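The values are calculated or read from the model by the stated rules, or taken from the named source; none is laboratory data. Fair warning: this is a prediction, and the values are worked out from it, not measured in the lab. Note that each Cβ is placed from the backbone with ideal geometry, even for glycine, and that neighbours are counted across all protein chains shown.
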Amino acid sequence: MRGAETVVSRSPEETRAIGARLAARLGPGAVVGCIGELGAGKTCFLQGLAAGLGVTSEVTSPTFVLVNCYRGRVPVYHLDAYRTESLSEVLDLGVEEMFHGDGVTMIEWADKLLPLLPADAVIVGISG
């Protein structure tokens, strides 16, 4: 895997800090996908990522609404694919515009969307 890096976190605070550090390396159009089991820390990581992007509001998993939008130094789109049943359902949400727009897109359960993700997407695997 090109550019693979292993980082160990021992607490939710460390997990958020790791997300914030990654945010410093991202610019408009970046896509970050998280893969991991239920409860592994995907939301926690993305909370840190959003904070690192300047989001000051509470970041919660959009499991039922599918997408939350936040304001930071760039627009931040938070997609949760857990409940999605097809790629066309996700396309109907306008993800292609998110992926190629002026914001950063964060995706929980990104493994369900791999065929749609841009080639330069950052994929973060989280295990607990």
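Test of understanding: among Leu113, Leu46, which residue is surrounded by 19 or more Cβ atoms within 10 Å (Cβ to Cβ), closer than 16 Å to Ile123 by Cα and modelled with pLDDT of 95 or more?
Exactly one of Leu113, Leu46 is surrounded by 19 or more Cβ atoms within 10 Å (Cβ to Cβ), closer than 16 Å to Ile123 by Cα and modelled with pLDDT of 95 or more, namely Leu46.
Step by step: first the residues of the range 61-77, then only those that are in contact with an Asp or Glu (Cβ under 8 Å, 6 or more places away or on another chain) and assigned to a loop (DSSP other than H, G, I, E, B), then the one that is surrounded by the fewest Cβ atoms within 10 Å (Cβ to Cβ). Which residue is that?
Result: Thr63.
Do we have any residue at all in the range 9-25 that's out of contact with any Ser or Thr (no Cβ under 7 Å at 6 or more places or on another chain), of a type outside the set (Val, Ile, Thr), over 17 Å from Gly125 (Cα atoms) and touching a residue at least 12 places away in the same chain (Cβ under 8 Å)?
So far as the range 9-25 goes, yes, one or more of its residues are out of contact with any Ser or Thr (no Cβ under 7 Å at 6 or more places or on another chain), of a type outside the set (Val, Ile, Thr), over 17 Å from Gly125 (Cα atoms) and touching a residue at least 12 places away in the same chain (Cβ under 8 Å).
Please go through the range 78-110 and pick out each residue that is surrounded by 17 or more Cβ atoms within 10 Å (Cβ to Cβ) and either of a type in the set (D, E, K, R) or touching a Pro at 6+ places or on another chain (Cβ under 8 Å) (or both).
His78, Leu79, Asp80, Phe99, Gly103, Val104, Glu108
Could you run through the range 78-128 and say how many residues are aromatic (Phe, Trp, Tyr) and either in a helix (DSSP H, G or I) or closer than 20 Å to Ile18 by Cβ (or both)?
The total comes to 2.
Would you tally the residues in the range 1-37 being within 15 Å of the chain's Cα centre (by Cα) and either more than 19 Å from Cys69 (Cβ to Cβ) or surrounded by 15 or more Cβ atoms within 10 Å (Cβ to Cβ) (or both)?
Selection size over the range 1-37: 21.
Could you grab the pairs with beta carbons closer than 6 Å, sequence gap of 6+ or different chains, first residue in the range 38-60 and over 15 Å from Val104 (Cβ atoms), second one β-branched (Val, Ile, Thr) and outside any loop (DSSP other than H, G, I, E, B)?
Qualifying pairs under 6 Å: Ala40/Ile126; Gly41/Thr15; Gly41/Ile126; Lys42/Ile126; Cys44/Thr15.
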